[in-house]
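Here is the structure we will look at.
The values are calculated or read from the model by the stated rules, or taken from the named source; none is laboratory data. None of these values were measured; they are calculated from a predicted model. Cβ coordinates were reconstructed from backbone atoms using ideal geometry, including for glycine residues, and neighbour counts include every protein chain displayed. Please note that ligands, DNA and RNA were not included when accessible areas were found on the heavy atoms of the full protein model with its side chains. Shrake-Rupley method; radii C 1.70, N 1.55, O 1.52, S 1.80 Å.
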Amino acid sequence: QIYKMAKNTNSTAFRRIDVDKYSEDNYKEDVDNETVTAGPSENEVMSLISQNKQLDALKYVLANSPLGNKNQAVRDAALTLALRVMLSFKTSQIEEAVKQLDYEQRDILMKYIYRGFEVPNEGSSAQLLVWHDKVFNHSGVGSIVRVLTDKKKV
Amino acid sequence: MAASIQKVGPAIPIQCHAWSSDRQTIAVSHNDKLVELYKQQPGGSWNQTDILDQHDLRVNDIDWAPNTNRIVTCSADRNAYVWVQGADGKWKHTLVLLRINRAATCVRWSPQENKFAVGSGARIISICYLDEEKDWWVAKHIRKPLRSTITTVDWHPNNILLAAGCTDFKVRVFSTYIKEIEPKPSATEWGAKMPFANLMAEFSNSPTGGGWIHAVAFNEEGTRLAWVGHDSSIAVADAPSGMVMMKLKTNLLPFLSLLWIGPNRLLAAGHDCVPVLFHVDSAGKVSQGPKLEEGGNVVEATAAASAKNMFKNKDRLGQELVDSRLGTTHQNQINSMRILEGNKVEARRVSTTAGDGALVIWNLASGALAVKLTALKI
């Protein structure tokens, strides 16, 4: 028989609340109402690569990068495409490609390079290291600092 | 020589420094709770004349008012002290109750030296003024909409507006009008209504990014506000043109301090251990100029003294040669920079202190640097 008086203390769920989450000292993130892109389309990327238009594929992937998109799956898919594009270049073409980018694109590219290092497979890191070197020659340590500090991650 | 190193105490990182109005005495803090005063001697060396010892924890910032000759210090112990020099030359302190529950991070006297602003980790800026009747410093708080630690503050020449940089990636301009001690201010480019704690303008350093704000600086007329952020960027906001903000992302390491040295010229210094010139054109666009000295990495590396050391280094450091000396005068990040001679319209000499414990004085009017400055297209 449940005693009506004790109804409100029946549940012990209150013991499992994380009180620190509700502390008023916690940093409250800025509510960002900016619309974020949904990421590059795989068909577009594959078609550009198959037409040997690697540089266009690269610019397309960078222009449509889902920076700051809260959906991890979208960002992972975009990363896969970006890596595919980067690895489709011949090592000798990389320097010229980097020269064709502007400083904003190089910053985004540097973010993809570091994310690419996190998921190495079959010699991808060697190619990424070449990319890293070429982008670094243009954008210096500043671009690497922004990989670390930028809140909108790729 | 364009850059001259001065020795003010041991080679322990210097947190902050401030000059007396005659520039003969410097107040420094070596990352501890003490503030030391050093006076320049005729031979060029520096003698310690006083130690100001009242704080319990590390002193985070010092400011020295040139006209009233008062020093204000703030510390991680959540306090600030105002120091006044008596007729006997000794410095007497007055505690200022900031009413904050976190460390005080930065402090600056207002242009008329009747107020000072203290930033803190409590997400509060304390504006302190002297209550003549009771002869003590009263603190008023600015809270909204600060969301994180205030790292840097700078005053507008009208003695009312204050710029604050914060670790919530934003730069804000507030009004600090205190009706008890000053007349109502007239309108400026930043706005007309200025009740205390009114937010006049807010700039975000973070459309794609973030980067804590490390330093803010108003120009001489107060029409432009410049700041540097941890995302290796420098930005300038121009009030008359409608709060337009221009940001430049640099290739260098982040800057920690910033000064206006001319109507269109900025000097920024930080983790690259050397000040860098920046030019702001009439549209507000920022472009990078030369560094005040070419450093790069030093050319000679000292080879290890014996075969045993060579292998030891190879094992421990991954290389035989030990070459950790930088090619720049400063060996560690510059965290504080002040105009030593001149003003924001024409600065002739600038002083920097860094994590290597050195004080370096840069002569902007000297031959080599002057050439670099004039070469910078206006």
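Table: residues versus (1) part of a helix (DSSP H, G or I); (2) of a type in the set (A, V, I, L, M, F, W, C); (3) modelled with pLDDT under 95; (4) surrounded by 17 or more Cβ atoms within 10 Å (Cβ to Cβ).
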position	(1), (2), (3), (4)
A:Ala57	yes, yes, yes, yes
A:Leu62	yes, yes, yes, yes
A:Pro66	no, no, yes, yes
A:Asn69	no, no, yes, yes
A:Leu81	yes, yes, yes, yes
A:Arg84	yes, no, yes, no
A:Gln93	yes, no, yes, no
Return yes or no: is B:Val84 open to solvent by 30 Å² or more (accessible area, probe 1.4 Å) and in contact with a strand residue (DSSP E or B) (Cβ under 7 Å, 6 or more places away or on another chain)? yes
Residue satisfying all of: in segment B:150-169; buried (at least 22 other Cβ atoms within 10 Å of the Cβ) and without any contact (Cβ under 8 Å) to a residue 60 or more places away in the chain; farthest from the other protein chains (Cβ to nearest Cβ) among these: B:Ile160
Please work out which one of (1) part of a strand (DSSP E or B); (2) open to solvent by 10 Å² or more (accessible area, probe 1.4 Å) is the condition B:Gly119 fails and give its number. (2)
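Among the candidates A:Val130, A:Val135, single out the residue that is open to solvent by less than 60 Å² (accessible area, probe 1.4 Å), of a type in the set (Val, Ile, Thr), within 14 Å of chain B (Cβ to nearest Cβ) and under 22 Å from A:Glu95 (Cβ atoms). Talk me through it step by step, then tell me what you get.
Numbers: A:Val130 fails: within 14 Å of chain B (Cβ to nearest Cβ).
A:Val135 is the lone residue from the list that is open to solvent by less than 60 Å² (accessible area, probe 1.4 Å), of a type in the set (Val, Ile, Thr), within 14 Å of chain B (Cβ to nearest Cβ) and under 22 Å from A:Glu95 (Cβ atoms).
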Matching residues in segment B:1-32 - criterion: being aliphatic (A, V, I, L, M), out of contact with any Gly (no Cβ under 8 Å at 6 or more places or on another chain) and open to solvent by 40 Å² or more (accessible area, probe 1.4 Å): B:Met1, B:Ile5
Filtered residues of segment B:201-258 (kept if of a type outside the set (Gly, Ala, Ser), touching a Phe, Trp or Tyr at 6+ places or on another chain (Cβ under 8 Å) and within 11 Å of chain A (Cβ to nearest Cβ)): B:Asn205, B:Trp212, B:His230, B:Ile234, B:Leu248, B:Lys249
Does segment B:56-71 include one or more residues that are without any contact (Cβ under 8 Å) to a residue 40 or more places away in the chain and more than 27 Å from B:Gln112 (Cα to Cα)? yes
